[in-house]
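Student: Submitted below is the structure of interest, expressed as structure tokens.
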Amino acid sequence: MTELATYNFAYLDEQTKRMIRRAILKAIAIPGYQVPFASREMPMPYGWGTGGVQLTAAIIGPQDVLKVIDQGADDTTNAVSIRAFFQKVANVAVTTRTEEATIIQTRHRIPETKLNANQVLVYQVPTPEPLRYLEPRETETRKMHALEEYGLMHVKLYEDIARNGRIATTYAYPVKVAGRYVMDPSPTPKFDNPKMHLSDALQLFGAGREKRIYAVPPYTEVVSLDFEDHPFEVQRFDKPCTLCGAEQVYLDEVILDDKGGRMFVCSDTDFCEDRRAHGHVGPMLAPNGPAADGLPGSKEAAE
Amino acid sequence: MATPLVVSEVFKSFTMHLRDGLRLPVVADVSFSVASGECVVLGGPSGIGKSSLLKMIYGNYAVDNGQILVAHKGKIVDLATADPRTVLEVRRQTMGYVSQFLRTVPRVAAIDVVAEPLLARGVNAADAREKAAGLLAQLNLPQELWQLPPATFSGGEQQRVNIARGFITDHAILLLDEPTASLDARNRAVVVDLIEQKKRAGVALLGIFHDEEVREAVGSRILDVSQFSPRKAAA
Amino acid sequence: MTDTPLLKVKDISKFYGSRIGCRDVSFELWPGEVLAIVGESGSGKTTLLNCISTRLLPTTGSVEYHMRDETYRDLFRMNEAERRFLMRTDWGFVHQNPADGLRMTVSAGANVGERLMAIGNRHYGNIRNTAIDWLERVEIDADRIDDQPRAFSGGMRQRLQIARNLVTGPRLVFMDEPTGGLDVSVQARLLDLVRGLVNDLGLSAIIVTHDLAVARLLSHRMMVMKDGYVIEHGLTDRVLDDPREPYTQLLVSSILQV
């Protein structure tokens, strides 16, 4: 197969990378602050992760190892496409193993495995402005951030409690970063919010359509907003993962048949595989379980 | 204070701009004083300026020249030139006024209308209402009316609310503009009693009374306002 | 009676090109005083109110406010953050159209509680109780606390706006035609409420109105404006009962007797 076109390393031209890196530095210097940047036309439309892709393209180097996940899974169409994209334009090594990656681009989830200081987590963000749905005027929201006027954010949480008896926001749960800026963590489940706090890794957030970059440097305080008498709580799952038996991880629901059969499995596919490789099994794969082999994700299916 | 109210060389006229600037002199060179414990009656024919004089003293009308000196909190205040805050303070602490007609405020019960001057002076609500109730009872206002706003009361009933409101405090000066006009004999007698009480307490009273009986009963002396008529002064 | 004025307005003028919005207005306002600014349309009263409340930048003049820490601050030399903070805590602004002063898509309770949340209150139960307390004070049924103002009548919305403004215990409240557009009986109720609150809380207020009856009921002092100038000012009952200026006499005589 002949290549008709050759790409600059990681697709973007060097000046663009420089511009994005400057925005990243600014973002790191002001944790949680949305830095405007000149988002480029990418070979995928808005709404398909262009913000994350531009961040990754700006920081990736030939020695990096890239992992891409979508809702925790490495094998969805989007994750596969973006991974293939970077293989083509940067010729970098890719992996599904969290521990092996140096850059992890994610849509809407944080890996269960604790990240280390050599890793960067790149988030894909649809709407960077946490106040957008309460205050549609950009002029007003900019002022509110500048003057640290966040009463409106708590109004939203108040409304939640008044309507639902508790704070009903379960994803994109607003957080306060380094005690100053209120930030939208992207539509990750609130279950993942505590992972952002004092992380060893650098966290970068990119919104391509809205043209904003923001960042949480390593070891930064990230506190979820709440009320004294309605404190922030993560979701609890009362069952372990059906495949690997993990507890206190975020689970996806999988429908098995049209008789209402379903199972709950780890959303983080790599985490689940890793556990099973180490011999952990969940109720379904247990020696006396309903189907010890032949299931998606089991060792046989993986080969 | 022996003479809490002194009026000195007061002149007033109205300029009716809507009538091409027609100038109506009201009073000229008014000078008199009222001592504690006396009730001075303003006399003279209708239209001579008695009511206007009372309103000038209360600060409701402005004066063109002259001084209206009131002993207030140990000092002398000239109401003719005082700023609005001072006038309001004098009204709150030192000088009361029973007007001819009650200006009703919507939704406020009669008993609260009467209690208000005490509340404005910091008396607590329960005590103020108790005192108001006492006065209204003395003035024979039926109890069932006490919780109602006075807008629908008869003239005589409104007047009694007005009187109670004017007499409830211990102001050192009290101005009365026809306080018994709409009252029957029984209630006129009550008002005479109230005025006598005030005199005994050392209050300086200045009033207009059309009813001769009441005038005779309470007046210490009569001040004929016609002597201040500008027509007379011009002559 | 305190000796320090709460607000010192000096020579405020606002020009739009060569057109006069308001001209050379000076006055002082003391704690607990209610000042009415009265005039017909185009008199400049709303312009003046907006200049004094810093919603508009005047062409000349200064406005000094006695802060809670006992210092006087020139309001137009404050930075925006301080001014906005002042507007949220120590001041209130009641708009003629309540929709301008409320968040229509958020519940009544949240409307009242927002200022509290903006200054750092983080206890849901307390915020809600305070909101219920204030709703009752402005005579809105406590069980409407979770309803949106979109479902309220005009009078209720206006009362909600008042509660929203007073919840942080401001010392100075600006009102722009607070009873404009309301039915007469609703007006009476609102006026009585405002009168009571001003008395109970010792508020100072500056009320712009074209309705002399509102001025008489609510204010201690009155300023009459015509063509941008203050043509008469003084004790309210004095200005209304013994008007001296031709225009004031015209205004007072124009009131229809019922």
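Student: Restricting to region B:45-75, what's the tally of residues that are more than 14 Å from chain C (Cβ to nearest Cβ), crowded, with 19+ Cβ neighbours inside 10 Å, out of contact with any Pro (no Cβ under 7 Å at 6 or more places or on another chain) and in contact (Cβ under 8 Å) with a residue 60 or more places away in the chain?
Tutor: 2
Student: Looking at residue C:173 and the list (1) part of a helix (DSSP H, G or I); (2) away from chain B (no Cβ under 14 Å); (3) touching a Gly at 6+ places or on another chain (Cβ under 6 Å), which single condition is not satisfied?
Tutor: (1)
Student: Within region A:145-163, can you find the residues that are out of contact with any Phe, Trp or Tyr (no Cβ under 9 Å at 6 or more places or on another chain) and within 15 Å of residue C:105 (Cβ to Cβ)?
Tutor: Listed by number, the residues that qualify are A:152, A:155, A:159, A:160, A:163.
Student: Of all the residues that make up region C:72-99, how many are under 23 Å from residue C:201 (Cβ atoms), out of contact with any strand residue (DSSP E or B) (no Cβ under 9 Å at 6 or more places or on another chain) and more than 14 Å from every other protein chain (Cβ to nearest Cβ)?
Tutor: Within region C:72-99, residues that are under 23 Å from residue C:201 (Cβ atoms), out of contact with any strand residue (DSSP E or B) (no Cβ under 9 Å at 6 or more places or on another chain) and more than 14 Å from every other protein chain (Cβ to nearest Cβ) number 1.
Student: Got at least one residue in region A:52-61 being of a type in the set (Ser, Thr, Tyr), open to solvent by less than 50 Å² (accessible area, probe 1.4 Å) and in contact (Cβ under 8 Å) with a residue 40 or more places away in the chain?
Tutor: The answer is yes, given that some residue of region A:52-61 is of a type in the set (Ser, Thr, Tyr), open to solvent by less than 50 Å² (accessible area, probe 1.4 Å) and in contact (Cβ under 8 Å) with a residue 40 or more places away in the chain.
Student: Any residue that is within 18 Å of the chain's Cα centre (by Cα) and more than 14 Å from chain C (Cβ to nearest Cβ) - is there at least one of those in region B:110-119?
Tutor: Looking through region B:110-119, at least one residue is within 18 Å of the chain's Cα centre (by Cα) and more than 14 Å from chain C (Cβ to nearest Cβ).
Student: Show the residue pairs meeting these rules: Cβ distance below 7 Å; 6+ apart or different chains; first residue within region A:27-48 and of a type in the set (D, E, K, R); second residue part of a loop (DSSP other than H, G, I, E, B) and open to solvent by less than 30 Å² (accessible area, probe 1.4 Å).
Tutor: Partner pairs satisfying both residue conditions: A:40/A:12.
Student: Another one. Taking region A:159-199 as the region of interest, how many residues are open to solvent by 20 Å² or more (accessible area, probe 1.4 Å), farther than 18 Å from residue A:251 by Cα and not in a loop (DSSP other than H, G, I, E, B)?
Tutor: 5
Student: Additional query: Please enumerate the residues belonging to region B:1-44 that are in contact with a Pro (Cβ under 7 Å, 6 or more places away or on another chain) and surrounded by fewer than 21 Cβ atoms within 10 Å (Cβ to Cβ).
Tutor: B:13, B:17, B:25, B:36, listed by residue number.
Student: Would you point out the residue of region A:121-158, among those that are over 20 Å from residue A:230 (Cβ atoms), in a helix (DSSP H, G or I) and within 10 Å of another protein chain (Cβ to nearest Cβ), that is least open to solvent (accessible area, probe 1.4 Å)?
Tutor: So the residue we want is A:144.
Student: Right, something else. Give A:247, A:253, A:228 a once-over and let me know the one that is open to solvent by 60 Å² or more (accessible area, probe 1.4 Å) and within 14 Å of chain C (Cβ to nearest Cβ).
Tutor: Sole residue among the options that is open to solvent by 60 Å² or more (accessible area, probe 1.4 Å) and within 14 Å of chain C (Cβ to nearest Cβ): A:228.
Student: State yes or no: is residue C:194 modelled with pLDDT of 85 or more and either more than 10 Å from chain B (Cβ to nearest Cβ) or outside any helix (DSSP H, G or I) (or both)?
Tutor: When the stated conditions are applied, residue C:194 passes them.
Student: Same structure again: Only one of these conditions is not met by residue A:67: (1) basic (Lys, Arg); (2) in a loop (DSSP other than H, G, I, E, B); (3) under 20 Å from the mean Cα position of the chain (by Cα). Which number is it?
Tutor: Of everything listed in (1) basic (Lys, Arg); (2) in a loop (DSSP other than H, G, I, E, B); (3) under 20 Å from the mean Cα position of the chain (by Cα), residue A:67 misses just condition (2).
Student: Then there's this: Restricted to region C:1-31, and to residues that are at pLDDT below 90 and closer than 23 Å to residue C:219 by Cα, which residue is least open to solvent (accessible area, probe 1.4 Å)?
Tutor: C:2
The values are calculated or read from the model by the stated rules, or taken from the named source; none is laboratory data. None of these values were measured; they are calculated from a predicted model. Note: ideal-geometry Cβ built from the backbone for every residue, glycine included; neighbour counts use all protein chains shown. The accessibility values were calculated without ligands, DNA or RNA, using every heavy atom of the protein model including side chains. Shrake-Rupley method; radii C 1.70, N 1.55, O 1.52, S 1.80 Å.
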